[in-house]
Each structure stands twice: as structure tokens, then as C-alpha cells.
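Below is one structure, written out as C-alpha cells, with a few remarks after it.
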Amino acid sequence: VHRRAARVQEGFGRLSQFVEESVAGIRVVKVFGQEQARMEQFRRLAAEQQERQMELVSVQSAAGPVTEGAVGLAFAALLGVGGPLVLAGRIHLGQFVAFAGYVGLLAWPLGSLGWLMNLWQRGSASWQRLQAILHTPPQVVDPPGVVAMPAPVRGHLEVRGLTFTYPGARRPALHDLSFQVRPGEVVAITGPSGSGKSTLVQLLLRLWEPPEGSIFLDGVDVRRLPLQELRRHLAWVPQEGFLFSGTLADNVAFGAPESPDGMPPAELERLGRLAGLHPDVEGFPDGYGSWVGERGLALSGGQRQRVAIARALARRAAVFLLDDPFSSVDGDTEHRVLEGLLQELAGRTVLLVSHRISVVRRACRILVLHQGRLVEEGSHEELLARGGLYARMAALQRLEEELNFRPGPTTQLQEVCGGARPVEPAG
């Protein structure tokens, strides 16, 4: 029973995961026309699960007949052994009847014992699966000898010779990285995809454990600071804003310090305006009380990012880590929100990660990463004058903007796609 119950639980896990993915990705399934294929796959998984369930039931169903058969055998033994003893006068008839009564009283407890053992083994199999999760030790924990957080937290970040390799990877994601962010300074980090920008942010948050003596907050190694206290003074806007199933107000207030009365509507609206979210909220039927759906399904990618920005602002932290917060918004919204952010965060330490030159150019200093190494550092104008990687990235983005927003004469691409010859511009 235990072995087959464990197989049933594993099958239920796979089946539930498949259904959850199909529902969450229903738009992708429909766009690619995979409804029938997903249904067939579900039927196959369900049939396999049914087979496992039947194997379990076949064993469980044997418990009743076995216990009842045991009681029947007991009565047969009673008659076969006790009957001749009564006839021979070795025991009295009353003793025989009493013993038969005792055997009858054992019938129900024996049957319950079989049912209990079935239930126990099924529960044991489920409990072991839970224990595998509950007893999995976290990778990042407070080490012995933690020290108190600096009071007050000024927000001085320092990275010294940081080299980090993901478990199982062959080469480091970051290699010998060193820089400082002074309190109240806005520093941007840019670079090509895969250069280690997001990895650095996750190490600052200790989502991955950095090497000892590599990252410092106000002169203290972050590995010696209490984990919860460290994160309480850091506000994070991830690349993909994750929203919880609830209202907009709930998701924004998630980052705020605990308050018995919740976030005041005026403060909620102020944060929404700073994040560029309020104009969209005004069009929602219930305003900030509108339901966003599971993982923010009812909102666009840009709206989810702006909710994440408002949630981070509600944190009132000393250090803000903005990991490509404008990747899903248009240029006008980006400019408007960035202006409000820089004004709101004046005097706080800001680490702004983005691949957009239009975003990072507003920073006091810009760090350029390439293949996990710091290759350039300086202001926007200084980096352009050097003509290095940053200058090439800026030139490429300017070219992309010109191609996207400046219509010109018919090109060779149109000839290839439509079969028409290039048309000379009039005049």
C-alpha cells in the first residue's frame, strides 16, 4: 500500500502541474493551435494515473476480505477444536459460548485495523513527500556570528573582487568585479545580454550566496548581516513583475511596512502616479480595488512592471535595486516614470540595471559589464567619448530608433517580401 500510494501521489503531482501550466499558458496554447495535443496529453496522463489508482485500490480492497476471512477461520478453528472438547466434557458449554463471544467481539476491531493500516500507509506516503519539501534546507541562511545592522543604514554599497559561478556552470557569471556606490548616488549597470547584470542584483539581495568578503553594506559584509534585516533595507524591482492574485491595492501595499489600517488611499494614489500607473487605474472599473488575476494575468506586461515599481517605492528602503524596470514600457512612459523616480529617490542609493541607453544615461556613473567583467566606467559623455562598448551600444540603439520611427523609401526588404521593385521617393 505504501509503495503504490507514493506512486499515486507522484502521478497526481504531474497531472496537477500539467493542468496548471495549461491553464496559465492558455493563450500560448490557443495561439499555437495546441488545444487538441494538450487534451490528448492530458488523457494519456489521466489514464496512467487511473492505472496507478486501480493498482492501489486492488491492494486496499483486499484488506476487508482478509480480515473477514481471518474471523471466519477463527470461528472454524473454534468449532473444530472447541466442539470436541465440549463433547468430551473437558470444558463446559458456557466456557465454549463465552469464548465464541470473545471471538465475535474481535471481528470489528480486526476489520478496523485493516482500514487503519490502509489509511496509515497512504498518509505516510503523502507525509514523506511533504517532508522532502519541508526539510529541504535553504541555500542561503544566517551564518553563526551575525552582527547587528548599521543604524541608521546609509546605503553605501561596495563590491570587492566578486567572482561568482552558478552551481554546475563551467565558467563564472561574474569575474573579479569591484566598484562602489556611495550613499545617495545613482549608479547604472548596463551591458549586453548575459553579461551578469541580474546576477549581480541577486547576489546583493542574497538570493544567491556571494563569496565571503565580496559585498559590503556600510562597510559590513552582507553575509554577516541578518538576512531578514538586510532585505528589509533593500527594495527590488525585478525584470518580470510578479503579482499575487488579489487587488491592485494589495499588490502595491505588499511592499509597505505592516500597518493595521492598510495603506491610505492618498498614499496609494501617490505611489501609483510616481510609477506611471494611475492613468491606467482610472480606466479600471474598481480602481485600485480591481482584481489582477493569478500572476497579474488581467494586466499587460508594462502595467505589471509599474505595479512592481509602486510596490518597491512603498518599501521606503535605503537602497533601491531596479533590475531593468522599463523593459516592457514605451519610451514616453519610461521617460515620465524615470523622472518621477529620480525625484522621489533623491538622497537614496539607487542601482539601476538596464540595457537601454536612454535609461542609464541619467545616472551619476555607468558601469559597463561584458562577459561578467567590468570593462568600462564613467558618465554617459565620458563613455561615448571613449568609443568603446558603451559607445557601440548607443550607436546601435540610435540606429534601431531611426529604423523604427523614421519611415523612408521602399527598401530591398520590401522587394523580397512583396516582390515589388524599390520605389524612388517622389521629387
Legend entry - the chain: antiparallel DSSP beta bridges as a percent of all, rounded to 5: 50 percent
Legend entry - ³J(HN,Hα), Karplus 6.51/-1.76/1.60, whole Hz, each residue of region 284-301, x for Gly, Pro: 7, x, 10, x, 6, x, 6, 7, 8, x, 5, 6, x, 4, 7, 10, 7, x
Inset, instruction - Would you rank ASP323, ASP286 by solvent-accessible area, highest first, keeping every protein chain in place and using a 1.4 Å probe? - result: ASP286, ASP323
Inset, instruction - For region 59-136, report the translational diffusion coefficient in µm²/s to the nearest whole number, using Stokes-Einstein at 25 °C, 0.890 mPa s, and a Kirkwood Rh over Cα pairs. - result: 162 µm²/s
Legend entry - Net charge dipole size for region 204-306 [Lys, Arg +1 and Asp, Glu -1 on Cβ; Debye, nearest 20]: 260 debye
Legend entry - region 129-225 shape via C-alpha gyration tensor axes, a/c threshold 1.5: oblate
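Considering only protein heavy atoms and a probe of 1.4 Å, how much of the accessible area of the chain is carbon and sulfur, as a whole percent?
Heavy-atom surface of the chain belonging to carbon and sulfur, 1.4 Å probe: 58 percent.
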Inset, instruction - Using a/c under 1.5 as the rounded threshold, could you call region 53-209 rounded, prolate or oblate? The axes a ≥ b ≥ c are square roots of the C-alpha gyration tensor eigenvalues, and prolate needs a/b larger than b/c, oblate otherwise. - result: prolate
Legend entry - Among GLY378, LEU45, GLN202 - extreme Cα towards positive end, dipole of the chain, charges at beta-carbon: LEU45
Legend entry - Rounded, prolate or oblate (a/c below 1.5 giving rounded, otherwise prolate when a/b exceeds b/c) for region 181-260 by Cα gyration tensor: oblate
Inset, instruction - Counting only trypsin sites (Lys or Arg not before Pro) that are in a DSSP loop and have at most 10 other C-beta atoms within 10 Å, tell me the longest site-free stretch of the chain. - result: 171-427
Legend entry - Over the chain, relative contact order from alpha-carbon pairs under 8 Å, at least 6 apart, %: 15 percent
Legend entry - Check: the chain dipole with +1 on Lys, Arg Cβ and -1 on Asp, Glu Cβ, in debye: 1100 debye
Legend entry - Mean separation of Cα contacts under 8 Å (6+ apart) over length of region 159-212, as relative contact order %: 31 percent
Inset, instruction - Provide, for q = 0.13, 0.15, 0.24 Å⁻¹, the log10 of I(q)/I(0) from a solvent-free Debye sum over equal Cα point scatterers in region 272-377. - result: -0.52, -0.68, -1.41
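How much area per residue is accessible in region 299-383 when the probe is 1.4 Å and only protein heavy atoms are counted (Å²)? Numbers along the way, then the final one.
Numbers: 3130 Å² over 85 residues.
Here the residues of region 299-383 average 37 Å² of exposed surface.
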Inset, instruction - Find how much the distance from LEU110 to SER193 grows on full extension, using 0.36 nm per residue of separation minus their present alpha carbon separation; answer in nm with one decimal. - result: 23.2 nm
Inset, instruction - Find the eigenvalues of the gyration tensor of the Cα atoms of region 119-169, then list the square roots of 5 times those eigenvalues as equivalent ellipsoid semi-axes, largest first, in whole angstrom. - result: 41, 19, 9
Inset, instruction - For region 181-243 and region 118-180, compute the distance between their C-alpha centroids and round to whole Å. - result: 13 Å
Inset, instruction - Would you mind finding the longest exposed-site-free stretch of the chain, with exposed GluC sites (Glu not before Pro) meaning DSSP loop and at most 11 other Cβ atoms within 10 Å? - result: 1-211
Inset, instruction - Might you report the magnitude of the Cβ-based charge dipole of region 273-376 about its Cα centre, with Lys and Arg at +1 and Asp and Glu at -1, to the nearest 20 debye? - result: 460 debye
Inset, instruction - Using only alpha carbon positions, build the gyration tensor of region 337-388, then give the equivalent ellipsoid semi-axes as the square roots of 5 times its eigenvalues, largest first, whole angstrom. - result: 22, 12, 10
Legend entry - Probe 1.4 Å, protein heavy atoms only - accessible area per residue of region 160-240 in square angstrom: 45 Å²
Legend entry - Summed residue charge, Cβ within 15 Å of GLU209's Cβ, Lys/Arg positive, Asp/Glu negative: +1
Inset, instruction - Alpha carbons only, please: Rg and Dmax for the chain, in angstrom. - result: 33.7, 132
Inset, instruction - Using only C-alpha positions, report the orientation-averaged shadow area of the convex hull of region 266-320, nm², one decimal. - result: 4.0 nm²
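The values are calculated or read from the model by the stated rules, or taken from the named source; none is laboratory data. These numbers come from a predicted model, not from an experiment. Note that we place each Cβ from the backbone using ideal geometry, even for glycine, and neighbour counts take in every protein chain shown. Ligands, DNA and RNA are stripped out before the accessible areas are found, and what is left, the full protein with its side chains, is counted by its heavy atoms. Shrake-Rupley method; radii C 1.70, N 1.55, O 1.52, S 1.80 Å.
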